[in-house]
Structure formats: C-alpha cells, structure tokens
1. Inspect all residues belonging to region 95-104 and state whether any of them is aromatic (Phe, Trp, Tyr), more than 30 Å from Ala156 (Cβ to Cβ) and surrounded by 15 or more Cβ atoms within 10 Å (Cβ to Cβ).
2. If I go through region 53-94 residue by residue, how many of them are hydroxyl-bearing (Ser, Thr, Tyr) and in contact with a Leu (Cβ under 6 Å, 6 or more places away or on another chain)?
3. Across region 139-159, which residue is modelled with the lowest pLDDT among those that are assigned to a helix (DSSP H, G or I) and basic (Lys, Arg)?
4. Out of the residues in region 58-98 that are over 14 Å from the mean Cα position of the chain (by Cα) and among the charged types (D, E, K, R), state the one that is farthest from Leu115 (Cα to Cα).
Amino acid sequence: MNEPDPHPQRSQTCAPRASHRGLRFSEARSLSASVRASPVRYDGAVSGPPAAAPGARVGQVLEIVLVVLASLVFVGLWLYVAAAILADGTLLADTWAWLGGLDTIAAIVVWVAILPIGVFLWAWQADLEPIWMGLVMAGLVGWTGIAWSGLARLAARRR
C-alpha cells in the first residue's frame, strides 16, 4: 500500500501532498485546498505577510510631504497670478522682468521649479492672439490637473 515516491527530489521542494486514496471526493477536495492555502513554507516555518522594507515608511512620509508641499506652493503661485491679473498687469510684467534678470544657474533652477507659471508669464508678455492664449491656458490647466492627480492618488491610497 505504501508506494515509494517516484520523484524524491520533487518531494523536498514542493508543497506536501495529501493522499486522496480512501477519501470521498468532497473530503479530498477540502483537504487539498487546505494544504494549498496553508501558511506553512516548505521548510516547515510559519510564514506571514511579508515585512515592509526598512526605508518604506520613510519613503511614504517623504512622498506625502513632497506632494502636499508642491501642491501648496503651486496653489500659492496660481493665487498670486490671479491676484496680479485682477489688480494690474504690471505685477506680472515685474515678475517676468525679475525672471529674465536672473543669473544663468539661478534662472535654470527657478524655471524648473515654476515652469507652468513661467510659461504663463511668457504667454502673458508675448501678447498672443486670444486663440493661442486659450490653448496655452488649456495646456496649463491640464498640466496642473496632472500635478494634482498625485495629491488625489495619495488621498485615495490613504483611505
């Protein structure tokens, strides 16, 4: 009745198999399912959920801080632009002149940091036709929407 294992190497690396001989179909099926769902590894140790990497928590906190900070900065910048448009266009012209007067390294850093605002200031100063100004604004709204999707994705993940 006890037959030798035809695959001795496989028995060391595969999950333990239950013998279904002598069991009814439903019993063999439930036994087989319980063996597959068992949290016991092949070496006999009980395994649980994988442990988080040591720096994973720090990375999550850093992601939250950067996304929220960037969102707040751009809200502030767009509020500045809206206030400048409502007050007088000279404030936008002064900001454009300030951007143009920066040294090369400082200009690169500032342009990378505030690129959507810089594009808006360029479009404002270029005196574009209304259709082109509308296309630039639509692009900037889309750009801002993509940036805000990171905040929305972060908020959805936290729920």
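The values are calculated or read from the model by the stated rules, or taken from the named source; none is laboratory data. These numbers come from a predicted model, not from an experiment. Here the Cβ positions follow ideal geometry from the backbone for every residue, glycine too, while neighbour counts run over all protein chains shown.
1. The answer is yes; a qualifying residue exists.
2. 1
3. Looking at the filtered set, the residue picked out is Arg158.
4. Looking at the filtered set, the residue picked out is Asp88.
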